[in-house]
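Since the structure comes first, as structure tokens, the remarks are kept for the end.
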Amino acid sequence: MIRHAKISEIPEILMITKACAHAMQQRGIYQWNDHYPSETAFMRDVERQELYVKEVGEKIIGAIAISTLIDDEYKSVDWLIPNENNIYVHRLCVHPKFQGHGHARSLMDFAEKLARTGKFASIRLDTFSQNKRNQRFYEMRGYKRLADVYFPKQSEHPFHCYELVL
């Protein structure tokens with residue numbers, strides 16, 4: 001089941017992102033750290049009703065932020081279509097113990113269905129340039145790789161921007 005997250009669930013979501021960060025670091029991928037994802041970012045997501053969680057049974061195993069706000073870093077990107085009526089996916093995570101079972105796919109299916117139902121023109125996101133697995137995941141879903149952006153608090157390496165025109 002995928003549903004809106006609650007403020008009270010943010011500590012549990014942060015435990016998932018920390019487990020994801022640790023698992024990625026074990027593979028030499030330094031995408032997430034102590035600065036990101038942050039409690040503040042998740043608080044804003046919940047306040048704007050843009051954070052969703054995936055549950056298996058009664059346990060939260062993943063999360064995704066689906067926003068209509070464009071980050072400042074994205075404003076310089078030459079997107080496929082104009083910067084209006086787009087959604088942005090951020091902070092997609094699935095606890096490592098539950099990875100490899102289609103949960104990230106179902107979270108993205110949810111985001112794409114939400115976008116289509118809401119008559120959005122495209123879905124935009126970024127993924128770390130050193131995370132080849134994520135790049136393949138989005139490319140197999142039809143997302144087109146565009147420009148790179150940098151998040152200095154996260155890494156010296158770029159993040160690739162992707163867009164799926166609906």
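Data for the structure
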read-out: Hits in segment 102-123 (condition: open to solvent by 70 Å² or more (accessible area, probe 1.4 Å) and either touching a strand residue (DSSP E or B) at 6+ places or on another chain (Cβ under 8 Å) or over 14 Å from Ile66 (Cβ atoms) (or both)); value: Arg105, Lys119
read-out: Those residues of segment 1-55 which are more than 19 Å from Ile66 (Cα to Cα), open to solvent by less than 80 Å² (accessible area, probe 1.4 Å), of a type in the set (S, T, N, Q) and in a helix (DSSP H, G or I), in sequence order; value: Gln25
read-out: Those residues of segment 125-147 which are over 15 Å from Tyr88 (Cβ atoms) and of a type in the set (Ser, Thr, Tyr), in sequence order; value: Ser129
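The values are calculated or read from the model by the stated rules, or taken from the named source; none is laboratory data. What you are looking at is a predicted structure, and each value in this text was computed from that prediction instead of being measured. Here the Cβ is made from the backbone with ideal geometry for all residues, glycine too, and neighbour counts use every protein chain on show. Surface accessibility is based on the protein's heavy atoms, side chains included, excluding ligands, DNA and RNA. Shrake-Rupley method; radii C 1.70, N 1.55, O 1.52, S 1.80 Å.
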